[in-house]
Amino acid sequence: MISGGAGFIGSHFVDRLIQEKPSQITVVDNLFLGNLDNLNDAKKAFPKLKVVTRDLTVMDIIQDLFARGDARIDVVVDFATIPLPAAYAYPEYTFLNNVKIVMNFCELLRKGLFELYVHCSSSEALGTCLQDSGM
């Protein structure tokens, strides 16, 4: 499962993952910033690509994705993040959204519903430290 897979980084990851010839790929995105058009090439290259539009902050929705049984999910690669610029206008919403998604996936991992969780971020996690350090 690739959460946030319709976003810029997530969709590029999906394109690259297809080259590894996986048996299945499920993309889950709430389309806050993602766009289904970002997956057009992936759908052509991997016709079995499953795309689901859902809000991953809601535990029942995530559990339903794992309970469906039509496709076993072994690995979750999590790109679903509201980026820093939104936090300036909506700090509480941004914080709660980002934390809730991670907490939900960690809880399902703890319950053994999948085997590996990879949480990804963006350069925004570093802030201005690279500029300040002269890098």
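The values are calculated or read from the model by the stated rules, or taken from the named source; none is laboratory data. Bear in mind the structure is a predicted one, so any value in this text is a computation, not a measurement. Glycine gets a Cβ as well: all are built from the backbone with ideal geometry, and neighbour counts include every protein chain shown. Surface accessibility is based on the protein's heavy atoms, side chains included, excluding ligands, DNA and RNA. Shrake-Rupley method; radii C 1.70, N 1.55, O 1.52, S 1.80 Å.
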Taking amide hydrogens as modeled 1.01 Å from N in the peptide plane, which residues meet the under 5 Å criterion relative to Gly5, leaving out close sequence neighbours?
-> Val28
Counting sequence-distant residues (5 or more places) and residues on other chains, those with an amide H built under 5 Å from that of Val51 are Val27
How large, in percent, is the carbon and sulfur part of the accessible surface of the chain at a probe radius of 1.4 Å?
-> 58 percent
Probe 1.4 Å, accessible area per residue of region 1-131, Å² = 59 Å²
Taking a ≥ b ≥ c as the square roots of the Cα gyration tensor eigenvalues, with a/c under 1.5 meaning rounded and otherwise prolate when a/b beats b/c or oblate if not, region 64-109 comes out prolate
Backbone HN-Hα couplings from phi across region 98-103 [Karplus 6.51/-1.76/1.60, Hz, Gly and Pro as x] | 5, 5, 4, 4, 5, 4
Taking the dipole of the chain about the Cα centre (Lys, Arg +1; Asp, Glu -1; charges at Cβ), the one of Val28, Pro83, Thr57 that reaches farthest to the positive side is Val28
Tell me, what HN-Hα J-couplings in whole Hz come from the Karplus equation 6.51 cos²θ - 1.76 cosθ + 1.60 at θ = phi - 60° for each residue of region 10-16, using x for Gly and Pro?
-> x, 5, 5, 4, 4, 4, 6
The chain: projected area of the alpha-carbon convex hull, averaged over directions, in nm² = 9.2 nm²
Out of the DSSP beta bridges found with both residues in the chain, what percent are antiparallel (nearest 5)?
-> 0 percent
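Can you tell me the dipole magnitude for the chain around its Cα centre, using point charges on the Cβ only (Lys, Arg +1; Asp, Glu -1), in Debye to the nearest 20? All intermediate terms of the calculation are to be shown ahead of the outcome.
Numbers: 12 positive and 16 negative charges, 92 e Å.
Roughly 440 debye, rounded to the nearest 20.
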What is the set of long-range amide H partners of His119 at a cut-off below 5 Å, with H atoms built 1.01 Å from backbone N?
-> Asp78
³J(HN,Hα) across region 81-96 via Karplus (A = 6.51, B = -1.76, C = 1.60, θ = phi - 60°), whole Hz, x for Gly/Pro?
-> 8, 7, x, 3, x, 5, 5, 5, 8, 9, x, 5, 4, 4, 4, 5
